[in-house]
Every structure is written in structure tokens, then in C-alpha cells.
1. Go over the candidates GLN5, GLN54, GLN49 one by one and state the one that is more than 28 Å from LEU137 (Cβ to Cβ) and at pLDDT below 85.
2. Go through (1) within 27 Å of GLY170 (Cβ to Cβ); (2) open to solvent by 100 Å² or more (accessible area, probe 1.4 Å); (3) at pLDDT below 85 for LEU43 and report which single condition fails.
3. crowded, with 17+ Cβ neighbours inside 10 Å and at pLDDT below 85 - does that describe any residue in segment 114-134?
4. Step by step: first the residues of segment 53-72, then only those that are open to solvent by 70 Å² or more (accessible area, probe 1.4 Å) and farther than 13 Å from ASN99 by Cα, then the one that is nearest to the chain's Cα centre (by Cα). Which residue is that?
5. What number of residues in segment 73-95 are assigned to a helix (DSSP H, G or I) and either modelled with pLDDT under 70 or surrounded by 14 or more Cβ atoms within 10 Å (Cβ to Cβ) (or both)?
Amino acid sequence: SDPVQTSSDPIKRRLSPRSQQRGAVGVFMALTVLLLLVPVLALSINIGQLYYAQRDLEKQATLAALSATQVASGCANDGTPGLLAKVTAEVIRIIDANNLSGTVGSATLIGPGINGFPGVEVGMIDATGGLRRFVPLVDGDPAVNAVRVNLTRPQPTPFLIPLGAVFSGGSLYASATAQQ
């Protein structure tokens, strides 16, 4: 007389199809969450990289405009206003000295800026009507007391995933104006 195996038999429980599928939903959920989080993380890193590059470019434009204003107004030249060539040389010196990212040199940054304005302009600030605006002046004008620096750089290469036409091949722009 063979003993009859009951459902409490460990061998029977181990071989049951229901017990073989236990935990499968957890594995699928973990894989799904992982597959959703990786692209979100990659997108976050790429956007952060763009933000950092833009902030770096804005810092360089601001530092260059502040230093170049001293040259343009004559404050750094014993009272003799600097010509555009000297102002541009100062902008290049400051960008090279303070290149925070260390990847893009001044020759790449200074070029046609926002709306096609030159990379470095001398002029004055007009405050009529309560609005302040930069007015370009000719080189050597004694009224020069402000400098506008327009910088351009290519967007950084995406870190993890290429984002197609949205982030590739574009340029970042920054403009800063300082008045002495």
C-alpha cells in the first residue's frame, strides 16, 4: 500500500505551477521602473549639462564686460579711454584667465552675438524715459563709458543619450553690459 501524497507534501508544493510564478510580478515591476528611470535620469543629466554650460558662458560675459569697462572708460589707463582694440584684448584676456569650463577658448566665444551684434561693443547707457539701454558709439568717442560683450559657444555634447534636433548643433548665447 503506497501512501497517498497530500498537498502538504513539500515536493508537490514545489512543483505546483502557481508556486513557480510567485514573485514574477515583482521582477517585471522592477524592470519596468528601471526602464523608465534610466531615460529620465539621462534627460536630467543632459539638461543639467546645458544649464551649467549656459551659466558658465554668462559668468564669462559678465567678468569680461566688467573688466573691459575699466579699460574703455580710462580707469585702468591713467584716464586715457581705451580704443576698441584694447577693450577686445582685455575681453580675450579675461575670458582666457577665467575659462571656468576649460573647454572653449576666447577665439570660439567672441563672435557675432545675440541678434547679430558684434562680440565686443563700446558705447554708453542711455536712461531716458526710465529705461536703460546700451547705445553703441564710435571707437574713441569721449562719451564711452560702457561695454557690451556678446558671447556664443556651441552646445555641449549630450552626456548619455543624444536628444536629436532639440539639443544638437545649436548654440548658447550670453550678453553682458557694464558701465563705469
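The values are calculated or read from the model by the stated rules, or taken from the named source; none is laboratory data. All values derive from a computational prediction rather than experimental measurement. Positions of Cβ are backbone-derived with ideal geometry, glycine not excepted, and every protein chain shown enters the neighbour counts. Side chains included, ligands, DNA and RNA excluded: accessible areas come from the protein's heavy atoms. Shrake-Rupley method; radii C 1.70, N 1.55, O 1.52, S 1.80 Å.
1. After ruling out the rest, the residue left standing is GLN5.
2. Only one criterion is unmet by LEU43, namely (2).
3. yes
4. Looking at residues that are open to solvent by 70 Å² or more (accessible area, probe 1.4 Å) and farther than 13 Å from ASN99 by Cα, I get LEU66.
5. Narrowing segment 73-95 to residues assigned to a helix (DSSP H, G or I): 73, 84-95.
Among the residues that remain, those that are also either modelled with pLDDT under 70 or surrounded by 14 or more Cβ atoms within 10 Å (Cβ to Cβ) (or both) are: 73, 84, 86-95.
Adding up the residues that qualify gives 12.
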